[in-house]
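Okay, structure first, notes after.
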Amino acid sequence: MIHYAPFWQTLKKSRESTYTLIKNHHISSSTIDKLRKNKPLNTTTINDLCRILHCAVEDIMAYAPSEDDQIL
């Protein structure tokens with residue numbers, strides 16, 4: 001399962017907040033909600049977050065095996 005715990009740590013270390021992401025960078029509140037709930041995001045959004053926060057993809061998301069993953 002992809003989770004966004006690294007995003008919250010990266011955001012805390014940055015000069016940004018969820019408010020500035022929404023207000024200054026036009027990240028939608030629904031995207032912030034998806035990050036909170038570990039819902040899927042598209043790669044364009046991940047790219048935008050990396051650019052805004054000046055970080056790498058692994059600073060936004062991580063993969064951890066989960067029993068909730070779909071069967072392949």
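Any idea which residue in the range 23-32 is farthest from P6 (Cα to Cα), counting only those that are surrounded by 11 or more Cβ atoms within 10 Å (Cβ to Cβ) and of a type outside the set (A, V, I, L, M)? Walk me through it before giving the result.
Step one: list which residues in the range 23-32 are surrounded by 11 or more Cβ atoms within 10 Å (Cβ to Cβ), which gives 24-25, 27-28, 31-32.
Checking the rest, the ones that are also of a type outside the set (A, V, I, L, M) come to 24-25, 28, 31.
On the way: N24: 22, H25: 20, S28: 19, T31: 16 Å.
The residue in question is N24.
Anything in the range 33-72 that is among the β-branched types (V, I, T) and within 15 Å of Y4 (Cβ to Cβ)? List them, or say none.
Residues of the range 33-72 among the β-branched types (V, I, T): 43-46, 52, 57, 60, 71.
Across the range 33-72, the qualifying residues are T43, T45, I46, I52, V57, I60.
Let's see how each residue does on (1) open to solvent by 70 Å² or more (accessible area, probe 1.4 Å); (2) polar (S, T, N, Q); (3) out of contact with any Asp or Glu (no Cβ under 9 Å at 6 or more places or on another chain):
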| site | (1), (2), (3) |
| --- | --- |
| M1 | yes, no, no |
| E16 | no, no, yes |
| K34 | yes, no, yes |
| L41 | no, no, yes |
| T44 | yes, yes, yes |
| E58 | yes, no, yes |
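Please go through (1) out of contact with any strand residue (DSSP E or B) (no Cβ under 6 Å at 6 or more places or on another chain); (2) of a type outside the set (K, R); (3) at pLDDT 95 or above for S66 and return the number of the only condition it doesn't satisfy.
S66 satisfies all of (1) out of contact with any strand residue (DSSP E or B) (no Cβ under 6 Å at 6 or more places or on another chain); (2) of a type outside the set (K, R); (3) at pLDDT 95 or above except (3).
Can you run down the residue pairs with Cβ atoms below 8 Å, 6 or more apart or on separate chains, where the first is in the range 31-49 and over 18 Å from T10 (Cα atoms) and the partner is among the basic types (K, R) and surrounded by 14 or more Cβ atoms within 10 Å (Cβ to Cβ)?
What qualifies is P40/K34.
The values are calculated or read from the model by the stated rules, or taken from the named source; none is laboratory data. All values reported here derive from a predicted model rather than from experimental measurement. As a convention, Cβ positions derive from the backbone with ideal geometry for all residues, glycine included, and neighbour counts pool all protein chains shown. All accessible areas refer to the heavy atoms of the entire protein, side chains included, with ligands and DNA or RNA removed. Shrake-Rupley method; radii C 1.70, N 1.55, O 1.52, S 1.80 Å.
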